[in-house]
1. Quick check, is LEU207 away from ligand 2 (no atom under 16 Å from the Cβ) and within 21 Å of ALA101 (Cβ to Cβ)?
2. I need the full set of residues from region 407-431 which are over 17 Å from GLY445 (Cα atoms), surrounded by 14 or more Cβ atoms within 10 Å (Cβ to Cβ) and within 33 Å of the chain's Cα centre (by Cα), in order please.
3. Would you check if there is a residue in region 239-249 being within 13 Å of ligand 1 (Cβ to nearest atom) and either under 24 Å from TYR267 (Cα atoms) or part of a loop (DSSP other than H, G, I, E, B) (or both)?
4. Which of the numbered conditions does ASN167 fail, given that it passes all the others? Conditions: (1) surrounded by fewer than 19 Cβ atoms within 10 Å (Cβ to Cβ); (2) within 16 Å of ligand 1 (Cβ to nearest atom).
5. Looking at ARG268, ARG306, ARG235, ARG223 in this structure, which one is over 21 Å from the mean Cα position of the chain (by Cα) and at pLDDT 90 or above?
6. Select from region 483-504 the residues that are over 15 Å from PHE450 (Cα atoms), in a helix (DSSP H, G or I) and not aromatic (Phe, Trp, Tyr) and list them in ascending order.
7. Could you run through region 195-244 and say how many residues are polar (S, T, N, Q) and within 13 Å of ILE184 (Cα to Cα)?
8. Taking the stated definitions as given, is VAL172 within 15 Å of ligand 2 (Cβ to nearest atom), of a type in the set (A, V, I, L, M) and in contact with a helix residue (DSSP H, G or I) (Cβ under 8 Å, 6 or more places away or on another chain)?
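The values are calculated or read from the model by the stated rules, or taken from the named source; none is laboratory data. Here the structure is a predicted model, which is why all the values come from computation and not from measurement. Don't worry about glycine lacking a Cβ; one is built from the backbone with ideal geometry, like all the others, and counts go over all protein chains shown.
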Amino acid sequence: MSERVAIFDTTLRDGEQSPGCSMNLEEKLRMARQLDALGVDVLEAGFPVASDDDFAAVREVAKICRRPVIAALCRTTPQDIERSWEALADAAHPRIHTFIATSDIHLQYKLQKTREEVLEMARSGVRLAKSFTNDVEFSAEDATRSDLDYLCQVIEAVIEEGATVVNIPDTVGYTIPSEYTHIIETLRQRVRNIDQAVISVHCHNDLGLAVANSLAAIAAGARQIECTINGIGERAGNASLEELVMALRVRRDLMPFESGIVTEELYRSSQTLSNITGVLVQPNKAVVGKNAFAHEAGIHQHGVLRNRLTYEIMTPESVGVKTNSIVLGKHSGRHALGKKYEEMGYTLGRPELDKAYKLFTKLADQKKEIFEEDLVAILQDGFAQIPERYKLRALEAKAGTAINASATVTILDTTNDQESTGTGTGDGPVNAVIEAIDRMTDLTGTLLDFNVRSITRGTDAVGEVFVHVEFGGTSYTGKAASTDIIDASARAYLNAVNKACYARERSRSAA
Ligand code: KIV
Ligand code: ZN
């Protein structure tokens, strides 16, 4: 029988730290539910001492995800560890994940501590964490650039203090498979009590080797892999969960290890994350990219039609990509819509179905064919949890080669039920719309990023607009989908405005 490798997902912690990937609480909870459905063993939900938002994320994820272990990251100081434990109070299976750097370069320049001092901090951190819970993970940050004798010494000490998982991160994505193998093998040979803990690996992708390094470490004896959906994370990202899991599954002949991942949920997890953050998945991304199963060359198509094995090493279905997605149209009823959602794996209660149906009929008036991607977009956009302070009521935009762009926009302020109409001008219709909106809200935004993509097929495709907007020094994402790009832009911008208003309300009520 194959041995089990635990999948530790850090999308909500290391992943969320990366530029453009920040998520608000509601978005983190949506992602956490999806990670739970995906079957991850450990879900790292945040770094509670870092901010109140991180603290709330760990606490709320721990309440709603009862199956996986919920991990909270902390340094080795008492204040950090106590704060993590507080955030984990409601977890069914809590884990304190404490870390300190062990490389000389970090000791000298970042911590300004001696090896002896860091050894003692590692020991005392684990000892304190252990007084709260049995499940304690210790990470030796920058392990792969640490002196190997010293690393062995630290790992032996933290296991002595009761660490149940010892993580050997390649923090800066510097190692290569043969070196990482050597490090893991050395730890297994030299650390006297290594059999009392699980060895974990955590690889960054600076040289594009995160997945290869993680697999090498598994072959050398590691039994937990830390990774993220779509490989998001600091700098070049972390090891990609979907690539690791499918490599283990497709090449189980050479790597006889099982993960508990429901691979059919991989594509949905990838799309959910991309939809939340607005960070698009590159088309040629392994496993979950749009082209991962597309066969363009005639000779390939011919082969695949005769036998898929000619050019496909895994089926699209095995990662949750459906190949036959059209079906619903203008005349489809509520029942058919509910059934289709069920087929796609979403069970909607009556109020959710009513809401989805209303959005569906609106879309069906604009589009002949409704694809599965449209239905996912309905759920993800229509069900966003941020209170809509401002709603778009009407929009008229003019643009052309011989005129200056201008727009007239009407919005409803739901706090007093007042509609107002404003006008704006700009380089193009989107700028004009934004100027008009800014004149009616009490916020002025700076557009940092603007992205449009087609999320469905056909000439009447739905386009999705993502924006990153800065209001008073903090940036917010906004998104909306529509068959009309200017309409989607206005609603995406208002989505960011509403997030900024919501954050402002929350900080006022917390003060
Ligand atoms: O990359 C790293 O070293 C980390 C640790 C905190 C686990 O993210
Ligand atoms: Zn990391």
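1. Working: away from ligand 2 (no atom under 16 Å from the Cβ): no; within 21 Å of ALA101 (Cβ to Cβ): yes.
In short, no.
2. The answer is LEU412, ASP413.
3. As a first pass, look at region 239-249 and keep what is within 13 Å of ligand 1 (Cβ to nearest atom): 239.
Imposing the further condition that a residue be either under 24 Å from TYR267 (Cα atoms) or part of a loop (DSSP other than H, G, I, E, B) (or both) reduces the set to 239.
Yes, the conditions are met somewhere in region 239-249.
4. Going through the list (1) surrounded by fewer than 19 Cβ atoms within 10 Å (Cβ to Cβ); (2) within 16 Å of ligand 1 (Cβ to nearest atom), ASN167 breaks only (1).
5. On the way: ARG268 fails: over 21 Å from the mean Cα position of the chain (by Cα); ARG306 fails: at pLDDT 90 or above; ARG235 fails: over 21 Å from the mean Cα position of the chain (by Cα).
Residue meeting the stated conditions: ARG223.
6. Initially, region 483-504 is screened for residues over 15 Å from PHE450 (Cα atoms), giving 483-484, 498-504.
Now drop any that are not in a helix (DSSP H, G or I), which leaves 498-504.
Hits for region 483-504 are ASN498, LYS499, ALA500, CYS501, ALA503, ARG504.
7. First, pick out the residues of region 195-244 that are polar (S, T, N, Q): 196, 200, 205, 213-214, 224, 228, 230, 238, 240.
With the extra rule that they be within 13 Å of ILE184 (Cα to Cα), the set shrinks to 200, 213-214, 224.
The qualifying residues number 4.
8. Values: within 15 Å of ligand 2 (Cβ to nearest atom): yes; of a type in the set (A, V, I, L, M): yes; in contact with a helix residue (DSSP H, G or I) (Cβ under 8 Å, 6 or more places away or on another chain): yes.
Here the answer is yes, as VAL172 does meet what is asked.
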